[in-house]
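Colleague: The structure under discussion is supplied below as structure tokens; questions concerning it will follow.
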Amino acid sequence: MSERTVTRTIPFDHALRGRFNAWFFSALDAYINRVTAPLKRTAFGSLAARTVVELGAGVGSNLRYLPPGAELVAVEPNSRMHAALAKRCAQAGVELRLITEYAERIPLADESVDEVICSLVLCTVADPDAVLREVRRVLRPGGRFRFVEHVAGPPRSIRSWVQRAVRRPWGWTFEGCDPHRDTAAVIERAGFQRTSVSDRILRGSVFYPVNTAICGIAWR
Ligand SMILES: C[S@@+](CC[C@H](N)C(=O)[O-])C[C@H]1O[C@@H](n2cnc3c(N)ncnc32)[C@H](O)[C@@H]1O
């Protein structure tokens, strides 16, 4: 087990909100995992590579889906998440390589990894198309991008209206998270060889604005 820190060229530290989000995702980890588990099993269930790159790894909610003895390359710009992530990696016996950069610019070589994963991150990144370009760039041909994301509800639905109504306070609280983003379209237009996307509802979740979700795999 080891922890290596790569580089930090862009600061990402909203102090209070960063700390709040680190607390929130630690405190609600079991609950969020319960409502997202069916989607995560679909997307992450067949992960087998030893090295897995995770965008926005947060406090390590997806460690439970990594194969034993895995190495996690975590692209996580929020420094308030790092201590909890490192602690949970150590407990899980997962080797952590921490990249404190935005996923819009991943400091990894072209075609150098087999698996990239993320959950509840493409809703928050500033430029999802740029992130998908980076994912395609770092994946080897045949490599997989696995995702679980909440997305915009059906057009003209009450849920869609609510998602747009709460956009500003929601985004402020959750560091830019947009409850009304069409992430499936972003993934579809990224130019993968094949993409499998499944539309889901997060059953049992109290977070109504973000209960419409997708999960799936895109093959480079
Ligand atoms: C809603 S949290 C989800 C955390 C974790 N993936 C989970 O499922 O619990 C969003 C995460 O994305 C990270 N994030 C935000 N913008 C990012 C970016 N541009 N690149 C990489 N990660 C980012 C945040 O710091 C945060 O950890």
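The values are calculated or read from the model by the stated rules, or taken from the named source; none is laboratory data. Just so you know, these numbers come straight off a predicted model, no measurement behind them. Here the Cβ is made from the backbone with ideal geometry for all residues, glycine too, and neighbour counts use every protein chain on show. We work out accessible area using only protein heavy atoms, side chains counted, and drop any ligands, DNA or RNA first. Shrake-Rupley method; radii C 1.70, N 1.55, O 1.52, S 1.80 Å.
Colleague: Please find the FRET efficiency linking ARG105 to ARG164, where r is the Cβ-Cβ separation and R0 is fixed at 30 Å, and quote it to the nearest 0.05.
Modeller: The value I calculate is 0.50.
Colleague: Within 10 Å of each candidate Cβ there may be at most 16 other Cβ atoms; applying that plus a DSSP loop requirement, which chymotrypsin sites (Phe, Trp or Tyr not before Pro) in region 176-220 survive?
Modeller: The qualifying sites are PHE207.
Colleague: By how many nm would the segment from GLU188 to GLU175 lengthen if fully extended, with 0.36 nm per residue of separation less the alpha-carbon distance?
Modeller: 2.2 nm
Colleague: Another one. Could you state the orientation-averaged shadow area of the convex hull built on the Cα atoms of the chain, in nm² to one decimal?
Modeller: 10.9
Colleague: Could you work out the local net charge near VAL35, counting Lys and Arg as +1, Asp and Glu as -1, over the other residues with Cβ closer than 11 Å to its Cβ?
Modeller: Charge balance in the 11 Å sphere: +4.
Colleague: Still on this structure, I have one more. Net charge near ALA213, counting Lys/Arg +1 and Asp/Glu -1 over other residues with Cβ under 11 Å of its Cβ?
Modeller: +1
Colleague: Can you tell me the length gained on complete extension of the stretch SER157 to TYR31, counting 0.36 nm per residue apart and subtracting the Cα distance?
Modeller: Once the chain is fully extended between SER157 and TYR31, it gains 42.7 nm.
Colleague: Along each principal axis of its Cα atoms, how long is region 68-191 end to end? Whole angstroms, biggest number first, please.
Modeller: 46, 34, 24
Colleague: What number comes out for accessible area per residue over region 101-155 if the probe is 1.4 Å? Units Å², please.
Modeller: So region 101-155 comes to 36 Å² accessible per residue, rounded to a whole number.
Colleague: For ARG156, what is the net charge nearby, where nearby means another residue's Cβ is under 15 Å from its Cβ and Lys, Arg count +1, Asp, Glu -1?
Modeller: +1
Colleague: Moving on. What whole-number distance in Å separates the alpha-carbon centres of region 42-103 and region 118-147?
Modeller: Region 42-103 and region 118-147 have Cα centres spaced 15 Å from each other.
Colleague: Considering only protein heavy atoms and a 1.4 Å probe, what is the carbon-and-sulfur percentage of the accessible area of region 48-106?
Modeller: Carbon and sulfur: 53 percent of the exposed surface of region 48-106.
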